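Student: My structure is below; once you've seen it, I'll send some questions.
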Amino acid sequence: MGVKIICKNQRAGYDYFLEEKYECGMVLQGTEVKSLRLGKATVNEAYVIIDSQGEAWLQNATIPHYDFGNINNHPETRKRKLLLKREQIQQIEKKMATKGYTLIPLALYFKDSLVKCEIALAKGKKLFDKRDTAAKKDVERKLRQGHFE
């Protein structure tokens, strides 16, 4: 069936150095899945935390109310459990504790009718890093187009 992207975090590559990427499932309610099927969601302000029980949670991701839902409609920005293997969570925790990484979502997508979330270990960029990245992209774009003097 393939992959259908619901939403992407557009600023992730600009604001962070992305190190390792992981694909994980999500625990969702029925109205959340219906809203995602309509392509409505944002993960730009979202982040991932690992709690004391060793579970990963997606915080601050917005999935709007399902238009045809009833009184049992879901809260828009509730925290959602991410499904990762215990070994992966332990590996992520070690890196986050030692190197100052944060865990951010990159995209939500359907993979064979299951909702998946791509997350990445990321380290924040400073302002001069962002300028440097923008300059490199500009040079690469000019080289591809053949407009370089």
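Student: Looking at the stretch 71-94, can you tell me whether even one residue there is farther than 17 Å from R11 by Cα, charged (D, E, K, R) and touching a Gly at 6+ places or on another chain (Cβ under 8 Å)?
Tutor: Yes, the conditions are met somewhere in the stretch 71-94.
Student: Answer yes if at least one residue in the stretch 10-27 is of a type outside the set (S, T, N, Q), surrounded by 15 or more Cβ atoms within 10 Å (Cβ to Cβ) and more than 30 Å from D132 (Cβ to Cβ), and no otherwise.
Tutor: Yes: one or more hits.
One line per residue, one yes/no per condition, for (1) polar (S, T, N, Q); (2) outside any loop (DSSP other than H, G, I, E, B):
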residue: E19; (1), (2): no, yes
residue: N44; (1), (2): yes, no
residue: V48; (1), (2): no, yes
residue: G54; (1), (2): no, no
residue: W57; (1), (2): no, yes
residue: F68; (1), (2): no, no
residue: Q88; (1), (2): yes, yes
residue: Q91; (1), (2): yes, yes
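Student: What about E76, is it charged (D, E, K, R), surrounded by 12 or more Cβ atoms within 10 Å (Cβ to Cβ) and under 15 Å from the mean Cα position of the chain (by Cα)?
Tutor: Against the criterion (charged (D, E, K, R), surrounded by 12 or more Cβ atoms within 10 Å (Cβ to Cβ) and under 15 Å from the mean Cα position of the chain (by Cα)), E76 does not qualify.
Student: I'm trying to understand the selection: among the residues of the stretch 14-36, which are free of Cβ contacts under 8 Å to residues at least 60 places away in the same chain and not hydroxyl-bearing (S, T, Y)?
Tutor: V27, Q29, G30, E32, K34
Student: Still on this structure: Looking at Y66, Y109, Y47, which is the one that is among the aromatic types (F, W, Y), under 30 Å from D129 (Cβ atoms) and crowded, with 17+ Cβ neighbours inside 10 Å?
Tutor: After applying the criteria, what remains is Y109.
Since every read-out is calculated from the coordinates, none of them should be taken as a lab result. Being a predicted model, the structure only gives us computed values, none of them experimental. Backbone-built Cβ (ideal geometry, glycine too); neighbour counts: all protein chains shown.
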